[in-house]
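For reference, the structure discussed in these notes is given below.
The values are calculated or read from the model by the stated rules, or taken from the named source; none is laboratory data. Only a predicted model underlies this, so the values are computations on that prediction, with no experimental measurement involved. Virtual Cβ from ideal backbone geometry, glycine too; neighbours counted across all protein chains shown. Each accessible area value is taken on the protein alone, full model and side chains, heavy atoms only, with ligands, DNA and RNA left out. Shrake-Rupley method; radii C 1.70, N 1.55, O 1.52, S 1.80 Å.
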Amino acid sequence: ERISRRHIKCRGDIDMLKVPLLAIYESLIPPKEEKEKQMQLLTSLEKLVVNEWPCARLCLFGSCANSFGVSNSDLDVCLVHRDADIDKAEILLKLADRLQSANFQNVQALTHARVPIIKLKDPVTGISCDICINNVLAVVNTKLLRDYAQIDVRLPQLAFIVKHWAKSRGVNETYQGTLSSYAYVLMCIHFLQHRDPPILPCLQETKIVTYHEIVDNIECAYFDQVENLKSFGSNNNESVARLVWGFFHYWAYCHDYANTVISIRTKSTISKRAKDWTRRIGKDRHLICIEDPFETSHDLGRVVDKYSIKVLREEFERAAIILQTYPNPCEKLFEPF
Ligand code: GTP
Ligand code: MG
């Protein structure tokens, strides 16, 4: 059945979904005042941090800085300390104490998490925030995503819609074995790199490197002068409606889950065998493989287990069928699960 559906042609009237899908996209974009509030919170946090650790700075990462943030997202903040050998737990506990004294609410230091963080809520702006330490790779991949988003507006359009779908359908919960927002954005970039003609280039495969950093012994290098690439996708005139349909169709019927890894770093897909991601290692099962663009040994699909892979694939299929057959698919597509 899967194979036979691979070649289903997109419905003839798909472009009529462009208006309602774009309306959903527009409604998810955070208003200007929200950005101002985020900056206000960042400034007050930075004052407090620099006062205690003059060598430290704060950087935003995640959806508040990668241009894939919908309205009312949490703020992801990274404390960058010049000294790489600092005791993160000690700093987090001390910072949590200072934050509490400064009247921030719900301050919690999660020092034993995979990525140790402080969680807090700012009573002034109402924004919730996570602070981690020296997670510079996340700051760099945030920039990569932001740079991709500048090239073609169909990327933020597609990714906002996919993220909204994933949150509505309950498949954006890493602790329940489904995928992170970061993973979904990588899936969208990969999909647009592989349209014919392509809508996005591969920034890490261009001959010219204009951005270069070594972070945690990982070389992060790519072409970041994206203002020169604004017309890259202009030979492809697919509408966002066709792309949303194509995205779900790909993940429902066309992706080779058994053998391939998607990689926005390279122009092609990689075989699971080449990465030795063919079997379960520890907790990592590699049932859907999404390579991190810099930390290439990191599979963003590692959280997916034998139950949640089924849930995910059924959800991709549900979305593909709704988009293909419903006269009025938008409401159904985002129906809470
Ligand atoms: P929302 O908060 O859902 O709007 O999206 P987000 O873009 O902030 O994504 P998320 O909370 O999933 O991740 C925050 C950032 O952490 C990402 O943008 C990446 O820069 C970084 N990151 C790096 N590796 C991982 C990983 O394995 N999982 C997740 N979730 N994030 C990672
Ligand atoms: Mg976030």
* Structure fact -> Measure of exposure for Ile151: accessible area at 1.4 Å probe, Å² rounded to 10, is 10
* Take the alpha carbon atoms of the stretch 5-73, find their center, do the same for the stretch 149-206, and report the distance between the two centers in whole angstrom. => 13
* Structure fact -> Between the residues His7, His194, Thr206, the Cα farthest towards the positive end of the dipole of the chain, that dipole coming from +1 and -1 charges on the beta-carbon of Lys, Arg, Asp and Glu, is from His7
* Structure fact -> Hydrodynamic calc, the chain: Kirkwood Rh from Cα pairs, then Stokes-Einstein at 4 °C with viscosity 1.567 mPa s, so D in µm² s⁻¹ is 61
* Structure fact -> Between the Cα axis of helix 136-151 and the main Cα principal axis of the chain, the angle (0 to 90°, nearest 10) is 40
* Structure fact -> Extension length gain for Asp284 and Gln176 (0.36 nm per residue less Cα distance), in nm, is 37.5 nm
* Sites Asp87 and Arg146 - FRET efficiency at Förster radius 22 Å, r taken between beta-carbons, to 0.05 -> 0.10
* **the chain, helix-only ellipticity at 222 nm - DSSP H runs n ≥ 4, -39,500 (n - 2.57), divided by all residues, nearest 500** => -12000 deg cm²/dmol
* Length-normalised contact order for the stretch 88-132 - Cα pairs under 8 Å, 6+ apart - percent -> 29
* Structure fact -> Taking 0.36 nm per residue of separation between Val19 and Arg5 and subtracting their Cα-Cα distance, the length gained on full extension comes to 2.4 nm
* Could you list log10 I(q)/I(0) for the stretch 24-135 at q = 0.14 Å⁻¹, which the Debye formula gives when each Cα is one point scatterer? -> -0.55
* To do: Provide the per residue accessible area, probe 1.4 Å, for the chain, rounded to a whole number of square angstrom.
  => 49
* Would you mind calculating the gained length between Ala258 and Thr43 on full extension (0.36 nm times residue separation, minus the Cα-Cα distance), in nm to one decimal? => 72.7 nm
* Asked: Quick one: what Rg and Dmax do you get for the stretch 252-337 from the alpha carbons, in Å?
  -> 15.1, 46
* Ranked from highest to lowest mean number of other Cβ atoms within 10 Å per residue, what is the order of the peptides 5-17, 112-124, 284-296, 72-84? -> 284-296, 72-84, 112-124, 5-17
* Asked: With all protein chains present, how much of the accessible area of the chain (probe radius 1.4 Å) comes from carbon and sulfur, to the nearest whole percent?
  -> 49
